[in-house]
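The values are calculated or read from the model by the stated rules, or taken from the named source; none is laboratory data. Nothing here was measured: the structure is a model prediction, and the numbers come from that model. Positions of Cβ are generated from backbone atoms using ideal geometry, with glycine treated the same way; all protein chains shown enter the neighbour counts. Surface accessibility is based on the protein's heavy atoms, side chains included, excluding ligands, DNA and RNA. Shrake-Rupley method; radii C 1.70, N 1.55, O 1.52, S 1.80 Å.
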Amino acid sequence: MKNIDRRKFMKMTAVTAVGSSLLMNSDFATAADGGLKFAQIPLPYAYGALEPNIDAMTMEIHYTKHHATYIKNVNEAIAAENISYATEKDFFANASKLSAKARNNGGGSWNHNFFWQVMRPAGGASNGKATDAIAGAFGSIDKFKEQFSQAAIGRFGSGWAWLVNDGGKLKIGSTPNQDNPMMDVSELKGTPLLCLDVWEHAYYLKYQNKRADYVTNWWNLVNWDEVAKRMA
Ligand code: MN
């Protein structure tokens, strides 16, 4: 491991540890004087680390432009509209009462922080706890992947595919735009365990209109340890 990589790795390990200890409440936002404040987690790997499944330029633009803008905009909306929810759980549970700016950018902020965490460079091992539970719920891992992929490919326009825990039951579904299953407006409800961004900005540079190819290759990147952690 080169020195620079080692430094980056050490930094990323520390960040992951902090992030995961907070994840029982899936806290990516903290209460601040002016209301809730969303923050962008440091990307847990280099932009090019997911190559060739997701290219470096897509990752860089996705993280530094799209995601950073959602964070900036949701914090702006919270301040301008005096949104006073103390936790992101309350914020999303009241999504129906939020402005479009707060709802869309709040979802975009949270969903991407989560998405970065449930991926890792290809070649990582599976995790028995996650795969056993999933196989039990959906018949087999292959059947699960097929059903999740269908949710991702079948989502018309922009949105997300999800695996959630809904009161002890594992469910697959999708949400439009930047909605997520913690929102009261969402048809799919539950605690997110895994998600996949199917906005064109997530894959268009490399895959153009071939969303199905992006979804197929994305399975190489799933961080099953993170999925298992969220099943606790
Ligand atoms: Mn995105």
* Asked: What single numbered condition from (1) surrounded by 18 or more Cβ atoms within 10 Å (Cβ to Cβ); (2) within 17 Å of the chain's Cα centre (by Cα) fails to hold for residue 211?
  -> (2)
* Structure fact -> The lone condition residue 229 fails out of (1) within 16 Å of the ligand (Cβ to nearest atom); (2) over 20 Å from residue 109 (Cβ atoms); (3) open to solvent by 70 Å² or more (accessible area, probe 1.4 Å) is (1)
* Candidate set: the range 47-71, residues that are within 18 Å of the chain's Cα centre (by Cα) and open to solvent by 40 Å² or more (accessible area, probe 1.4 Å); chosen: the one nearest to the ligand (Cβ to nearest atom) -> 66
* Structure fact -> Listed by first then second residue, the pairs whose first member lies in the range 190-203 and is within 16 Å of residue 133 (Cα to Cα) and open to solvent by less than 10 Å² (accessible area, probe 1.4 Å), whose partner is within 15 Å of the ligand (Cβ to nearest atom) and of a type in the set (Gly, Ala, Ser), with beta carbons under 9 Å and at least 6 positions apart or on separate chains, are 194/161
* Residues of the range 215-232 being farther than 23 Å from residue 58 by Cα and either part of a loop (DSSP other than H, G, I, E, B) or of a type outside the set (Asp, Glu) (or both), which ones? -> 227, 228, 229, 230, 231, 232
* Asked: Any chance the range 154-170 includes a residue that's farther than 27 Å from residue 88 by Cα, in a loop (DSSP other than H, G, I, E, B) and of a type in the set (Lys, Arg)?
  -> no
* Structure fact -> By residue number, the members of the range 83-123 that are in contact (Cβ under 8 Å) with a residue 40 or more places away in the chain and closer than 12 Å to residue 70 by Cα are 103, 104, 105, 106, 107, 108, 109, 110, 111, 112, 113
* Structure fact -> All conditions in (1) modelled with pLDDT of 95 or more; (2) open to solvent by 80 Å² or more (accessible area, probe 1.4 Å) are true of residue 74 except (2)
* Asked: For the range 143-152, does any single residue satisfy the condition of being aliphatic (A, V, I, L, M), farther than 25 Å from residue 89 by Cβ, surrounded by 17 or more Cβ atoms within 10 Å (Cβ to Cβ) and in contact with a strand residue (DSSP E or B) (Cβ under 9 Å, 6 or more places away or on another chain)?
  -> yes
* **Hits in the range 86-120 - residues which are in a loop (DSSP other than H, G, I, E, B) and either open to solvent by 60 Å² or more (accessible area, probe 1.4 Å) or modelled with pLDDT under 95 (or both)** => 86, 87
* Asked: Quick one: what pairs do we get from the range 49-77, first residue more than 16 Å from residue 117 (Cα to Cα), second hydroxyl-bearing (Ser, Thr, Tyr), C-beta under 6 Å, 6+ apart or different chains?
  -> 56/47; 70/109; 71/109; 74/109
